[in-house]
1. For region 97-122: of the residues being under 18 Å from the mean Cα position of the chain (by Cα) and small (Gly, Ala, Ser), which is surrounded by the most Cβ atoms within 10 Å (Cβ to Cβ)?
2. If only one of Ile73, Ile78 is hydrophobic (A, V, I, L, M, F, W, C), within 22 Å of Ile38 (Cβ to Cβ) and either in contact with a Gly (Cβ under 6 Å, 6 or more places away or on another chain) or touching a residue at least 40 places away in the same chain (Cβ under 8 Å) (or both), which one is it?
Amino acid sequence: MLGRLLLLFILVPLAELYLLFKLAEFTSTELAFGLVIITGIVGASLARWQGMRTWQRIQTELAQGRPPAIPLIHGMCILVAGALLLTPGMMTDAVGFALLIPPVRTWLAKRYLRRVATQFQQRPGGFEWSFTAPSPPPRDEVIETRILEADEDKELREVESPRHGRF
């Protein structure tokens, strides 16, 4: 996993540089740099605006007592989109702008939740997660207790229960 991540951090910037040089070669250096700056500004503005809307959705879901799973995943996608759009390059901009499209984020969120749900299913030799409240103890259990009270002389004496007499 670490090797793939390291490879990603090496290959993606090299590919981005290559594409930017090719764009500058076919158009002009000023246009290539201008495109990088404009996509950064527009992307950051869009990410901020959509992030604020998503934050409001999260607050609404919480206020209504529902878990905000999908809005939280949307928020993560928007955060990643903002970072990618601030990174100079055409590939990262394309992925960043794609993550700012709500149907793309919804598709990713549902796919992620399905993947997580399959990890919580029972498997041979595994376990099953339960999100239900524990059941109350059976009613026919008898628990013997004594209630003690201290009087003025700090001596303990047994107190009678108002419902069942002495314990």
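The values are calculated or read from the model by the stated rules, or taken from the named source; none is laboratory data. If you're wondering where the values come from, they're calculated on a predicted model, not measured in any experiment. Cβ coordinates were reconstructed from backbone atoms using ideal geometry, including for glycine residues, and neighbour counts include every protein chain displayed.
1. Checking each candidate, the answer is Ala109.
2. Residue meeting the stated conditions: Ile78.
Residue-by-condition table, conditions (1) at pLDDT 90 or above; (2) at negative phi; (3) assigned to a loop (DSSP other than H, G, I, E, B):
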{"position": "Ile37", "(1), (2), (3)": "no, yes, no"}
{"position": "Thr54", "(1), (2), (3)": "yes, yes, no"}
{"position": "Leu62", "(1), (2), (3)": "no, yes, no"}
{"position": "Gly75", "(1), (2), (3)": "yes, yes, no"}
{"position": "Ala83", "(1), (2), (3)": "no, yes, no"}
{"position": "Phe97", "(1), (2), (3)": "yes, yes, no"}
{"position": "Val104", "(1), (2), (3)": "yes, yes, no"}
{"position": "Arg115", "(1), (2), (3)": "no, yes, no"}
{"position": "Gly125", "(1), (2), (3)": "no, no, yes"}
